[in-house]
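Read the structure below first, then the notes.
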Amino acid sequence: MLNQPVLLAGGINIFKYASPQAFYPLAGKMLPWFGWAAALLCLAGLYTGFFVAPTDHQQGESYRIIFIHVPAAWMSMLIYVVMAFWAGVGLIFNTRLSHMMVSALVPTGALFTFVALWTGALWGKPTWGTWWVWDARLTSELILLFLYFGFMTLQAGIDDARRADRAGAVLALVGVINIPIIYFSVKWWNTLHQGASVSLTSAPTMAATMFTGMMLMALAAWMYTIATALHRVRSIIIEREQGAEWLKNHND
Amino acid sequence: MMALLRAVIRRDLMLAWRRRADIATVVLFFVIVVSLFPLGVGPEPNLLRTIAPGIIWVAALLACMLSLQNMFASDHGDGALDQMLLAAAPLSLIVMARAFAHWLMSGLPLVILSPVLAIQFDLAPELSPVLTLSLLLGTPILTLTGAIGAALTLGLRGGGMLLALLVLPLYVPVLILGAGAVDAASAGLGADAQLLLLAAQLLVTATFAPWAIAVALRISAE
């Protein structure tokens with residue numbers, strides 16, 4: 001551990017909240033804010049997406065799935081990176097809370113990956129005429145889902161919480177190093193076999209309202225992720241700290 | 001340092017030689033899986049020629065993965081692994097030597113056998129060396145990456161299936177580059193790019209994987 005506590009500008013010791021005991025009430029206080037922000041942003045985003053944004057001249061109404069699809073795909077990748085960050089912090093500083101944060105983020109990450117694949121299939125059918133193509137992005141998203149599942153099964157397979165934390169952290173770090181390699185190799189594989197039959201990159205330039213709707217939904221996805229992670233991390237703390245004196249005295 | 005490496009490799013090879021059946025199992029598995037595909041997709045020579053690199057590579061991937069389960073298991077069982085963890089020599093070095101020995105017994109036989117299997121699929125004679133070379137560069141990556149998974153799942157129930165879930169997604173780039181090398185050669189594009197990328201990946205993996213394996217072993221043996 002560090003000898004000197006790391007101080008932020010305001011003189012707050014950031015390691016104070018590295019202890020589950022200190023973080024539990026803080027997470028409880030933050031949870032409703034992020035939860036409500038997620039709900040309101042989602043409502044605003046869906047309203048903008050479905051009622052305000054104009055119909056696309058090429059794809060008609062079916063393009064509107066973009067408002068769920070793109071934010072989900074963004075989150076699915078971002079969460080893995082955040083996970084790997086906390087895994088690294090957990091391994092370096094040996095902070096239990098970081099590992100708990102990793103475990104709390106994984107299910108949301110897997111969920112968003114699945115949603116991105118699912119909505120992608122639903123979008124692909126009317127526009128490309130097929131549920132699935134072996135496009136580089138689709139394939140690497142699928143492999144990302146496998147990585148999430150691998151992480152979850154590894155943690156589920158280990159009974160000792162400390163070992164599960166640290167083994168998962170190593171796997172998350174190995175995974176995050178591999179993700180760019182996987183992405184580029186898949187991309188290359190695809191272009192090698194056949195010219196990409198559909199290109200996701202050359203999207204038509206977007207109307208401003210479409211962009212607003214997508215950004216609102218992306219923000220909603222962020223807030224939702226933070227809220228669920230906080231909620232799950234609180235459950236994990238309760239599970240791990242069973243019988244701790246502070247938890248018994250804590251009532252909320 | 002070199003003496004240590006030599007001692008570890010010698011020990012692992014000797015242990016493996018005493019249990020020759022284990023090596024044979026991996027090789028037989030590889031051959032049988034490859035031979036099943038023509039039965040499944042039909043004996044059409046043109047089709048078989050097209051899918052040969054992919055099939056041989058996928059079979060090699062699975063064979064390598066299966067052989068990983070017992071990489072640390074018996075040493076974990078009899079306490080030899082604890083001695084390695086306690087040894088004064090860096091664990092990553094010991095692990096590197098062990099991975100090399102493991103590859104000699106599980107990866108190299110596949111590389112040597114691949115031209116024979118290529119004949120089964122009527123692969124063009126000039127493509128066979130490309131396939132062998134791609135396997136030669138690729139199988140050590142499979143062993144090293146897989147060893148991280150083997151170390152993480154050490155002593156867990158259902159370790160085998162779990163190991164597959166962990167390492168198979170990480171094997172994707174090797175599969176793509178390895179099979180892609182042969183495809184590119186057969187298309188007349190030359191396989192240099194894929195082979196060089198495989199070699200680069202081998203170097204990166206050989207640099208970082210031993211360290212990750214050592215960390216994973218310490219976590220699992222705690």
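Evaluating A:Gln58 against the criteria (1) part of a helix (DSSP H, G or I); (2) surrounded by fewer than 22 Cβ atoms within 10 Å (Cβ to Cβ); (3) of a type outside the set (A, V, I, L, M) leaves one unmet condition, (1). Residues of the stretch B:145-161 that are buried (at least 21 other Cβ atoms within 10 Å of the Cβ) and either more than 8 Å from chain A (Cβ to nearest Cβ) or in a helix (DSSP H, G or I) (or both): B:Thr145, B:Gly146, B:Ala147, B:Ile148, B:Gly149, B:Ala150, B:Ala151, B:Leu152, B:Leu154.
Of all the numbered requirements in (1) in contact with an Asp or Glu (Cβ under 7 Å, 6 or more places away or on another chain); (2) surrounded by fewer than 22 Cβ atoms within 10 Å (Cβ to Cβ), A:Phe85 misses one, and that requirement is (1). For the stretch A:156-175, the tally of residues that are of a type in the set (A, V, I, L, M) and surrounded by fewer than 18 Cβ atoms within 10 Å (Cβ to Cβ) stands at 2.
Which one is nearest to A:Met101 (Cα to Cα), of the residues in the stretch A:126-151 that are without any contact (Cβ under 8 Å) to a residue 24 or more places away in the chain and more than 9 Å from every other protein chain (Cβ to nearest Cβ)? In this case the residue turns out to be A:Leu138. With the condition kept exactly as written, say whether any residue in the stretch A:56-70 is of a type in the set (Ser, Thr, Tyr) and closer than 30 Å to A:Pro126 by Cα. Checked the stretch A:56-70: at least one residue is of a type in the set (Ser, Thr, Tyr) and closer than 30 Å to A:Pro126 by Cα. The helices (runs of 4 or more DSSP H) found wholly in the stretch B:6-124 and carrying at least 2 residues that are closer than 27 Å to B:Ile176 by Cβ and out of contact with any Pro (no Cβ under 6 Å at 6 or more places or on another chain) occupy B:20-41, B:45-68, B:91-106, B:108-120. Among the residues of the stretch A:152-194, those identified as of a type in the set (A, V, I, L, M, F, W, C), under 13 Å from A:Ser103 (Cβ atoms), in a helix (DSSP H, G or I) and over 19 Å from the mean Cα position of the chain (by Cα) are A:Ala156, A:Ala161, A:Ala164, A:Ala167. Among the conditions (1) in a helix (DSSP H, G or I); (2) over 30 Å from B:Ala87 (Cβ atoms); (3) not acidic (Asp, Glu), the only one that B:Gly188 does not satisfy is (1). Restrict the check to the stretch A:22-33 and report whether at least one residue is under 21 Å from the mean Cα position of the chain (by Cα), part of a helix (DSSP H, G or I) and closer than 16 Å to A:Leu145 by Cα. No - not one qualifying residue is present in the stretch A:22-33.
Considering B:Thr50, B:Thr25, the condition of being under 15 Å from the mean Cα position of the chain (by Cα) and farther than 26 Å from B:Phe208 by Cα is satisfied by B:Thr25 alone. Does B:Asp122 count as more than 8 Å from every other protein chain (Cβ to nearest Cβ) and free of Cβ contacts under 8 Å to residues at least 12 places away in the same chain? The answer is no for B:Asp122. Candidates in the stretch B:185-196 are the residues that are facing another protein chain (nearest Cβ under 10 Å) and surrounded by fewer than 20 Cβ atoms within 10 Å (Cβ to Cβ); of these, the one that is nearest to B:Phe100 (Cα to Cα) is B:Ala193. Is it the case, given these coordinates, that B:Leu177 is at the interface with another protein chain (Cβ under 8 Å from one of its Cβ atoms) and modelled with pLDDT under 95? Yes.
Scan the stretch A:108-151 for residues that are of a type in the set (Val, Ile, Thr) and assigned to a helix (DSSP H, G or I) and jot them down.
The answer is A:Thr108, A:Thr113, A:Val115, A:Thr119, A:Thr127, A:Thr139, A:Ile143.
If the condition is being without any contact (Cβ under 8 Å) to a residue 60 or more places away in the chain and among the hydrophobic types (A, V, I, L, M, F, W, C), then the stretch A:61-77 contributes only A:Ile65.
To keep it simple, each residue is scored yes or no on (1) over 19 Å from the mean Cα position of the chain (by Cα); (2) closer than 18 Å to A:Asn178 by Cβ.
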residue	(1), (2)
B:Val167	no, yes
B:Gly180	no, yes
B:Ala191	yes, no
B:Leu195	no, no
B:Ala206	no, yes
B:Ala216	no, yes
B:Ile219	yes, no
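Close contacts from the stretch B:201-214, counting a first residue that is closer than 10 Å to A:Val170 by Cβ and a second that is crowded, with 16+ Cβ neighbours inside 10 Å and small (Gly, Ala, Ser), with Cβ to Cβ under 6 Å and a gap of 6+ residues or different chains, come to B:Ile213/B:Ala147; B:Ile213/B:Ala151.
The values are calculated or read from the model by the stated rules, or taken from the named source; none is laboratory data. None of the values given here were measured: they were computed from a predicted structure. All Cβ positions, even for glycine, are placed from backbone atoms using ideal geometry, and neighbour counts span all protein chains on display.
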